[in-house]
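Novice: I have a structure I would like to understand better, so I am pasting it below and will then ask my questions one at a time.
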Amino acid sequence: MLQVGGNRVQAVSADQAVSADQAFSADPFKGSLPEHCYEVSKEYRVFGNAPFCGADKSDCTRHGYDFEMLGRSFGRGASCWAGNKALCSRKIKKGLVDFCNPVCSEDFEKFWVGKAPLCGGDDCDCVNMNAMPWMKADDAGNNCPCSDRTACKRLGAKCIVGYKVLCVRPRRGDTEYNMAFGAMRKDCTERKKISHETMNKALEALGKAADAAGKAAAASAASGR
């Protein structure tokens, strides 16, 4: 454990450090939304091997961290006989907060497509209703990502064959959203499959809607204090 700014924190080793892919595995927006849309924690790491350490600020920045301080010893590791170790930190966006998550936010409509027991839900079923295909499921499981679990849309009867698809759409669309989903509908009509490029543009438009919902929720919470 390390003492940083009056707080005791745990430094991670190189093999414990969280990769971007791991951090955003449950976030289709891949961390692209503003910080207020995420649960954020701080990860610490120490560079420099005793006894001849020789670390400096550049060790932090070279590995994608912010510099905190230099010192001969941090935590339980051996102390430097010469040179310094560098204590570094970075913010990790771990998961979407409810008010920015389309699955959880009241600013988004949620519904499943695909009727049990032979479900056969398809991404284009969502798109044809101007909605984003968010996830597939064949039974209720434990897939609700919301802090308020009542916000998750119930799956209903279990599929014997195929999957249901959860669709999400903002209650208030805009021109960019409508254009993006128009391109997705064209893909579904002509190719019966959504291209990667078209999907990314639609996700970008949906992300802006999620950010707007988050800002509105934060402003509402602040005014109610």
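Novice: Mind checking which residues of the stretch 78-134 are in a strand (DSSP E or B) and touching a Pro at 6+ places or on another chain (Cβ under 9 Å)?
Specialist: Selection gives 82, 95, 96, 108, 109, 110, 113, 132, 134.
Novice: Can you tell me which residue is surrounded by the fewest Cβ atoms within 10 Å (Cβ to Cβ) among those in the stretch 57-75 that are assigned to a loop (DSSP other than H, G, I, E, B) and touching a residue at least 24 places away in the same chain (Cβ under 8 Å)?
Specialist: Looking at residues that are assigned to a loop (DSSP other than H, G, I, E, B) and touching a residue at least 24 places away in the same chain (Cβ under 8 Å), I get 64.
Novice: Confirm whether residue 105 is more than 30 Å from residue 167 (Cα to Cα), surrounded by 16 or more Cβ atoms within 10 Å (Cβ to Cβ) and of a type in the set (S, T, N, Q).
Specialist: no
Novice: Restricting to the stretch 96-155, what's the tally of residues that are farther than 29 Å from residue 183 by Cβ, among the small types (Gly, Ala, Ser) and out of contact with any Asp or Glu (no Cβ under 8 Å at 6 or more places or on another chain)?
Specialist: Result for the stretch 96-155: 3.
Novice: So residue 157 clears everything in (1) out of contact with any Cys (no Cβ under 8 Å at 6 or more places or on another chain); (2) aliphatic (A, V, I, L, M); (3) part of a helix (DSSP H, G or I) except one condition, right? Which one?
Specialist: The failed condition is (3).
Novice: If I ask for residues that are at pLDDT below 90 and among the polar types (S, T, N, Q), which ones from the stretch 69-100 would you list?
Specialist: Listed by number, the list holds a single entry, 73.
Novice: Which of the residues spanning the stretch 183-207 are in a helix (DSSP H, G or I) and of a type outside the set (A, V, I, L, M, F, W, C)?
Specialist: Result: 185, 186, 187, 189, 190, 196, 197, 198, 200, 201, 204, 207.
Novice: So the check is Cβ under 8 Å with 6+ separation or different chains; which pairs have a first residue in the stretch 188-201 that's surrounded by fewer than 11 Cβ atoms within 10 Å (Cβ to Cβ) and a second one that's at pLDDT 85 or above and in a helix (DSSP H, G or I)?
Specialist: 192/124
Novice: For the stretch 83-114, name all the residues that are touching a residue at least 40 places away in the same chain (Cβ under 8 Å) and of a type in the set (Lys, Arg).
Specialist: Hits for the stretch 83-114 are 90, 91, 93, 94, 110.
Novice: Now a separate question. Looking at 214, 121, can you tell me which residue is surrounded by 20 or more Cβ atoms within 10 Å (Cβ to Cβ), touching a His at 6+ places or on another chain (Cβ under 7 Å) and of a type outside the set (Ser, Thr, Tyr)?
Specialist: Unique residue meeting the criteria: 214.
Novice: Let me ask another. Name the single residue that is nearest to the chain's Cα centre (by Cα) among those in the stretch 17-53 being modelled with pLDDT under 50 and assigned to a loop (DSSP other than H, G, I, E, B).
Specialist: Selected residue: 24.
Novice: Return yes when residue 89 is among the hydroxyl-bearing types (Ser, Thr, Tyr), more than 18 Å from the chain's Cα centre (by Cα), surrounded by fewer than 16 Cβ atoms within 10 Å (Cβ to Cβ) and not assigned by TED's automatic domain parsing to the domain that holds residue 165 and no when it is not.
Specialist: It is false that residue 89 is among the hydroxyl-bearing types (Ser, Thr, Tyr), more than 18 Å from the chain's Cα centre (by Cα), surrounded by fewer than 16 Cβ atoms within 10 Å (Cβ to Cβ) and not assigned by TED's automatic domain parsing to the domain that holds residue 165.
The values are calculated or read from the model by the stated rules, or taken from the named source; none is laboratory data. Note that the coordinates shown come from a computational prediction; the quantities given were computed from them, not determined experimentally. Don't worry about glycine lacking a Cβ; one is built from the backbone with ideal geometry, like all the others, and counts go over all protein chains shown.
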